[in-house]
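See structure below.
The values are calculated or read from the model by the stated rules, or taken from the named source; none is laboratory data. Quick caveat: nothing in here was measured; it's all calculated off a predicted structure. Here the Cβ is made from the backbone with ideal geometry for all residues, glycine too, and neighbour counts use every protein chain on show.
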Amino acid sequence: MRKIAIIIGHNAKSQGAVRVTDGKSEFQWNSHLAEMIRAHAGCDPDAEIRIFRRQSGFGYTKQIQDVYARADAWGADVTIELHFNASASSAASYTVTLSSGSAGSLALCERLQAAQVSALGLRDAGVKVRERNGGRGWRSLWTGRAPAALIEPYFGSNFNDCIVADKRKEELAREIYQAARESA
Ligand SMILES: [Zn+2]
């Protein structure tokens, strides 16, 4: 059995960036995407997907430690944390995936990046490595035992990106599932 942990970025109290089209938060939009990804495992007897949410009761570092400890305790083969990007510039538009740079994480991230670009057709900004104590998001990539990825398929601050992401959300879910399945 291959175990794929999907971690929803942010939490119920502090939901992350919001989309310019409909005001939906990262937490909301990605909670739905996670359910769509998980639905694909229903037809696969050898794969299991579990969705993990960060708890809002304690600080950021503790939240990350707690959620990745739960994914590890479950026995996750890979972890994928879901976000979308945001910029002060409404024109910013691309797909990016963040990796710790470990061999397992890079293999997972390369597949996920290709999957998202194939599904949405937005500009491919590639896989970016976050060093330990590096830029935004590094802790999510370095805390758990399993190879980790943090994905940002599009910009919630870009009107067209939001339209494309909604229109192609089912393809996005399917492609992410297949990429995760090949990596787990
Ligand atoms: Zn985020």
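Descriptive notes on the structure:
- Tally, over the range 1-28, of residues that are within 12 Å of the ligand (Cβ to nearest atom) and assigned to a strand (DSSP E or B): 4
- Leading residue by the ranking (farthest from Pro153 (Cα to Cα)) among those in the range 35-47 that are in contact with a Lys or Arg (Cβ under 9 Å, 6 or more places away or on another chain) and of a type outside the set (D, E, K, R): Ala47
- Among the residues making up the range 132-182, a single one is in contact with a Lys or Arg (Cβ under 8 Å, 6 or more places away or on another chain), away from the ligand (no atom under 14 Å from the Cβ) and within 16 Å of Gly16 (Cα to Cα): Cys162.
- Pairs with Cβ under 6 Å, 6+ apart, first in the range 110-121 and under 9 Å from Ile176 (Cβ atoms), second at pLDDT 95 or above and acidic (Asp, Glu): Ala115/Glu175; Ala119/Glu171; Ala119/Glu175
- Whichever residue in the range 139-165 is surrounded by fewer than 23 Cβ atoms within 10 Å (Cβ to Cβ) and either among the β-branched types (Val, Ile, Thr) or free of Cβ contacts under 8 Å to residues at least 24 places away in the same chain (or both) and, among such residues, is farthest from Ala88 (Cα to Cα): Thr143
- Residue selected from the range 93-131 under the condition among the hydrophobic types (A, V, I, L, M, F, W, C) and surrounded by fewer than 19 Cβ atoms within 10 Å (Cβ to Cβ), by the criterion nearest to the ligand (Cβ to nearest atom): Ala125
- Residue count for the range 34-53 satisfying the condition of being surrounded by 19 or more Cβ atoms within 10 Å (Cβ to Cβ) and part of a loop (DSSP other than H, G, I, E, B): 0.
- Candidates Ala71, Ala107, Ala91 - the one that is within 27 Å of Asn158 (Cα to Cα) and in contact (Cβ under 8 Å) with a residue 12 or more places away in the chain: Ala91
- From the options Ser56, Ser90, Ser31, residue that is within 16 Å of the ligand (Cβ to nearest atom), hydroxyl-bearing (Ser, Thr, Tyr) and surrounded by fewer than 15 Cβ atoms within 10 Å (Cβ to Cβ): Ser56
- Within the range 66-87, the set of residues being away from the ligand (no atom under 12 Å from the Cβ) and of a type in the set (Asp, Glu) comprises Asp66, Asp72, Asp77.
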